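The values are calculated or read from the model by the stated rules, or taken from the named source; none is laboratory data. Fair warning: this is a prediction, and the values are worked out from it, not measured in the lab. Cβ sites come from the backbone with ideal geometry, for glycine too, and all protein chains shown count toward neighbours. When the accessible area is computed, the model is the full protein with side chains, heavy atoms only, and any ligands, DNA or RNA have been set aside. Shrake-Rupley method; radii C 1.70, N 1.55, O 1.52, S 1.80 Å.
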Amino acid sequence: MTIALAADERRAGGFTASSARSIGLAVLRRVGYAVGVLWGAVTVTFAALHLKSGGIIDAIIGQATVSPEVRAQIISDYALDRPWLVQYFDYLGHLLRGDLGHSYNQGMDVTTAIGDQLAPSFELMAAGVVLALVGAIVVALLTANRPRWIRGPFAFLEIVGVSVPAFWFAILLLTVFSFQLHWFPAIGSNSVRGLVLPAIALAVAPGGTLAQVLRDGLERALDEPFVTTARSRGIRETAVLVRHALRHALMPAITIAGWLAGAFLGGAIVIENVFSRQGLGTLTVGGLGRRDFPLVSGVVLIAAAFYVVINLIIDAVYPLLDPRLRPVAPTTSGPANAAAASITSTTSPSPSATGADQEGDR
Amino acid sequence: MTPDSGTATGSGTASLEPAVRPGGSRTLVDVANLHVRFRLGRRAVDAVRGVSFQIDAGQSIAVVGESGSGKSVTARSLVGLAGRGAEVRADRLVIDGTDARALPERRWRTLRGRHIGFVLQDALVSLDPARRVGAEIAETLRAHRVVPRAEVDARVIELLREVGVPEPEARAGQYPHQLSGGLRQRALIASAIAADPALLIADEPTTALDVTVQAQILEMLAARRRAGTALLLISHDLAVVSQVADHVFVMKDGVFVEHGPTRQVLDDPQHSYTRQLLAAVPVAHARGTRLSPQPGGPVAQPRAVVGDGVVLAARNLVKTFALDGRRTLIAVDDVSLELRAGETLGIVGESGSGKTTAARLLLDLERADSGTVEVDGTAWGEIDVRTSARLRQHIQVIYQDPLSSFDPRYPVRKIIAEPLAVTRVSRAERRTRVLELLDQVGLGRDVLDRRPRQLSGGQRQRVAIARALAPRPRVIVCDEPVSALDVSIQAQILDLLADLQARLGIAYVFISHHLGVIYHVSDRVLVMKDGRIVESGDVERVFREPRHEYTRGLLAAVPTLDGAALRPPVEPRATVEPQATSVADNEGAVA
Amino acid sequence: MTVTPVDPTGLPPGGATPGTQVGTAAATRGRWSGLRVSRPGVVLSFAFLLVLLLASFWPQLFTGTDPNAADISQTLRGPGSGHLLGTDQNGRDILARIVHGTRLSLWIGLSASALALVVGAAIGVAAAQGGRVLGAVTDWLLNVFLSIPGLLLALLVIAMLGPGTRNSIIGLSLIFTPGFARVVRGEVMRIRASVYLEAARALGWPRRQVIIRHLVPNALGPVLILATINVGGAISLGSTLSFLGLGPQPPTAEWGAMLSSSRTYFSVAWWPAIFPGIAITLAVLAITVAGQFLQARLEGRNAR
């Protein structure tokens, strides 16, 4: 649900583009917009720091104990003795230099702290994403438009998957498979075996949503006349599904990809916590407990950047999937005139609506 | 076509089939007592209830019927695509020598495309919008290994050329939305005939098309047929099938009520339903007469005397829309018109001609850039809100799709009463007026508490008319009011409008793309093209002696019931298509 | 954020091909296959929601035990005699704590969703009515908030305001606000472009009447359905915050907090790990099923 308006924006921008140059401009605009969103996220975290009850200096220090010298150092580093506007630009300046601040609890720069924990989190998320994607696509393809006894149970499982809180599902897996059955290591193991349960716990909720959206899209696509046409050519049902329907079903799925990315990130935070795994989540929750504000805001910014990049990719993928979203090259035969006529057609009854009732004939 | 139970084996058919059938006629399709039932949960619907027919090689036959008659399901049963939840039963269902009853899906696939090509209406949705036109055509070629892999691309181009697509190399690389309606339909047909099937089924192949393009597609199908392909044409339009088919089956409620050689069915219909269908077509000879059978009802009287009072006048209307910063579109360009009490002014034009924008200007739903609209002598724009609300009582509107013009939450009772609520008519008065209006539009009281979704298309349009009548307007703007309706329902609605005009003296602005309808209802007519009025005048004069070249082209393209032979294409038409193409090429840009 | 996104503006143009297909296919979907869940499932869901409602107002109906009565001699007793669902590490009755925790768990979900609805609707209406510049600015602002994953946004708020029930509600509502804003804006714009609104204008209604009579009531349906589904999401996320120790503080009986306080004992006793989680899951499930059912019904009504 996150990129809908970005898509609208792209439609408006993309369609009026009528040459390679304006396509380039459109790309530039897109990137510019992404930077704008990121800047907004930065501002939000800055505002959060300044709206916080209590002194900013205490927020920065958190629960670490520092000497008065260090305290004075922080005040001058963050320009805390200056007007807030100066502080703001100072903050932006630090960020532009790739400096996310210093975590006094961790005793290291936020960049370093996050960098150290990036790999295990990425591992978990990659495993979860693959699991959710493959599972959802397989389930959707196998159950779309199938009889109730096949479709029903899967639909039910999906809705359960969507509803069960990830952290509790992780606890459930842990209790059953580690504490009771001893099949998998319980705590803290970063081995491949130790990745199984966390990855499953992470994949369940987004996977359930994705399967719902994909099947819905597939069923809608399978009702389209072009599918009937494709079948009337004598091609295999697998070809109908994969070649014709899946492509259309992917569109709504991609629309929620940005939201899914956030779901995976949020899920990873909690699940790392439950399994006591190394990673960003454990770092964040730990930082939160010690009121480590620079660390938390650093993680927030990284996540926002992640989201923005995902959405840029989505924007690029849309036109690949649906040619109707591609910019139109100008025609040689009087483009102004041609476009003119087609605009009118949107305000007058479309000829296709004329035959609308015929389709109901069965 | 040799119907099993019928006597009309059609000498005409035989005479139209010269000796191109070595070894006697090959029977492509042999169906006896076909039944199709749909199960939706606990409900069962019998869509087809025992039809029998045969199609021989090289024949051209048509099944004609209205929505829900079962004609599409019958056609789809022949390719095993009757639809989800369909149970197909038949005493005999033989497709090109194969018994197709209980045929496994795998065997169906060898028949589809190879033995029977299938064309659905409106290629915009019948071709996969995400795939190139060429790939869609190649799919048929590859599925049946018609030509070696290496030659597929060349064959695609060849096929496109065969169906009359100009610049086939370029077109094959384009997507459906980049082509005009006519070219799209041609490409769809190319994909259906790619494996050279002996039978081509076309389900409403021209329904979504403008009349000039329709004529071209029909000519193409006729050419296909002359080349030896058998045709099964499914249509709601008798005039369309009469151009191409030599044998017609009339279908109603899942059975054939009548069949025979086309001329015979058209000239001497035996079944009352066929007669009713023919009478319902608003063609020249039916002008000013009743289209629908209404026992006991008076035949529409001669029109009420046209009064002198001008109830609606528009002067030099111009309306432009900004496309993007630089370009603008002139949707309505210097349009003037006058409407007198009790008369009907027809506005005719193809899609994109600006007729609907003109209607919106008349209704003050859109404000013109320049020019004035006066209703009952008062111009929109120079008046305050309250006066304007009162003025709106005098001019009402009926839309093409009544359902979308009703608040989805409202029951019929509330829809019809809404205009009265605007003028604060008392609750009791409203109730009596609603009942009175129901009577006027021929609806029973049982619809009062139903939602529009539960009504049929005709009933919905009657509700819309009742709502428009409620404030006793002087003018009703009808924007394609019958375009979405079946011909017999269309006939009833047109008759109703005529009766109401005769009784209440309402003036209509009647907008339609359908020349037959316009001719039937109008006193005077405006022909619009690209936002301009290209011709106007008394309806008889315009239709009998069209002065503008565009009007002549439009009239020539209209399929009529008389003259089964397709007229030779008019010369200027050749230029229409490429032009239309460039229009559609940019359609995506603003859609 | 374990909600299926409901966003009319979110449908890409490719999903719904513009075209002529109406009638049986669409109607059939609305009536039969469009419902993602079976009818008995819907009935059960509404029944369970009723039970939850009763439990939050009259917990005494379901248990006579004091949820906070600790008994050192009864720690970590398994389910069975005396304690139906067992006891926790302090010897408190788990069933009693679940029943008494219902009210707070539901309250967190409900109030977060309601707060998000009010704020989001205001933003959405402003964005829809306020012209291009305001629309673009709101759009940007919503994207900013959407760019931060839901849980992190809540964590940021709690980092700012400190842990606790109230602050976790504020954090949760912030997660759902952009969704409401978008749906409201999308609905308003969709209805404003509809033929029936134009028809209402043509009847002579003044602008305000058109809004009151047609726009608001028609926009309300999808928004309330989103609110319903979001209550489920908010309960789920709320329990997550509580589990992380950021919501209601001990010894308050709340489902997520129950899991949090006994997590050290999960390796030796499964019941304190399982039962509160089942309560959360069933509550969210019931709300999601109910929400999707309402959604399917509304779509069925509006489908052609």
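In terms of the Cα gyration tensor, with a ≥ b ≥ c the square roots of its eigenvalues, is the stretch C:241-286 rounded because a/c is under 1.5, prolate because a/b exceeds b/c, or oblate? Here the stretch C:241-286 falls in the oblate category. Karplus-based coupling profile of the stretch C:175-180, in residue order and whole Hz: 5, 8, 4, x, x, 5, with θ = phi - 60° in 6.51 cos²θ - 1.76 cosθ + 1.60 and x standing for Gly or Pro. What do you get for the angle between helix B:211-226 and the principal long axis of chain B? Use alpha-carbon atoms, 0 to 90 degrees, nearest ten. Once rounded, the angle reads 10 degrees.
When a 1.4 Å probe is rolled over the protein heavy atoms, the share of accessible surface on the stretch A:41-115 that falls to carbon and sulfur comes to 60 percent.
Taking the square roots of 5 times each eigenvalue of the Cα gyration tensor of the stretch B:16-150, largest first, gives ellipsoid semi-axes of 25, 23, 16 Å.
Using Cα positions and a limit of under 15 Å, work out the aspartates and glutamates in reach of B:Lys319, with same-chain residues fewer than 8 apart set aside. Result set, ordered by chain and number: B:Asp333, B:Asp334, B:Asp364, B:Glu366, B:Asp369, B:Asp530. 3J(HN,Hα) along the stretch C:210-225: 4, 5, 5, 7, 10, 5, 4, x, 6, 6, 5, x, x, 5, 5, 5 Hz, from the Karplus curve 6.51 cos²θ - 1.76 cosθ + 1.60 with θ = phi - 60°, whole Hz, x for Gly and Pro. Would you please state the base-10 log of I(q)/I(0) at q = 0.16 1/Å for the stretch C:223-304, with intensities from the Debye formula using one equal scatterer on every alpha carbon? Here the Debye-derived log intensity ratios amount to -0.65. Measure off, as a whole percent, the carbon and sulfur share of the 1.4 Å-probe accessible area of the stretch B:201-278, all protein chains present. It is 46 percent, rounded to a whole number.
Taking Lys and Arg as +1 and Asp and Glu as -1, the other residues whose beta-carbon sits under 15 Å from that of B:Thr98 total +4. Rg and Dmax of the stretch A:221-285, both derived from C-alpha coordinates alone, stand at 20.0, 58 Å. Judged by the gyration tensor of its Cα atoms, with axes a ≥ b ≥ c, the stretch B:390-433 is oblate; a/c meets the 1.5 cut and b/c is at least as large as a/b. Accessible surface buried at the C:A interface totals approximately 6700 Å², computed with a 1.4 Å probe on protein heavy atoms. Judged by the mean number of other Cβ atoms found within 10 Å, the most tightly packed of the peptides C:175-185, C:206-216, B:499-509, C:267-277 leads the ranking C:175-185, C:267-277, B:499-509, C:206-216. Apolar share of the accessible surface for the stretch C:93-298: 70 percent from carbon plus sulfur atoms, 1.4 Å probe. Close amide-amide hydrogen proximity is noted between B:Thr328 and B:Leu323, each under 5 Å apart and 5 or more residues distant or on a separate chain (H modeled in the peptide plane; Pro and chain starts excluded).
Once backbone amide H atoms are built at 1.01 Å from N, B:Gly342 has B:Ala507 as its partners under 5 Å, excluding neighbours fewer than 5 places away on the same chain. Residues whose amide H lies under 5 Å from that of B:Leu526, counting only those 5 or more places away or on a different chain, are B:Gly346, B:Ile347, B:Val348; hydrogens are built 1.01 Å from N in the peptide plane. Cross-link partners for B:Lys414 among the aspartates and glutamates, with Cα-Cα distance under 13 Å and sequence neighbours closer than 8 places in the same chain left out: B:Asp449. A 1.4 Å probe run over the protein chains yields, for the stretch C:33-164, 45 Å² of accessible area per residue, whole-number rounding. Rounded to the nearest Hz, the phi-derived 3J(HN,Hα) couplings of the stretch B:549-559 under the Karplus curve 6.51 cos²θ - 1.76 cosθ + 1.60 (θ = phi - 60°) are 4, 5, 4, 4, x, 4, 5, 5, 7, 5, x, where x marks glycine and proline. Distance distribution P(r), the stretch C:93-298, all Cα-Cα pairs, bin width 5 angstrom from 0: 1, 7, 14, 16, 16, 13, 11, 8, 6, 4, 3, 1, 1, 0, 0 percent. For the peptides C:145-158, A:294-307, B:403-416, the ranking by packing is C:145-158, A:294-307, B:403-416, with the highest mean count of neighbouring Cβ atoms within 10 Å listed first. Would you mind giving the total buried accessible surface between chains B and A, with a 1.4 Å probe and ligands, DNA and RNA left out, rounded to the nearest 100 Å²? Chains B and A together bury approximately 5500 Å².
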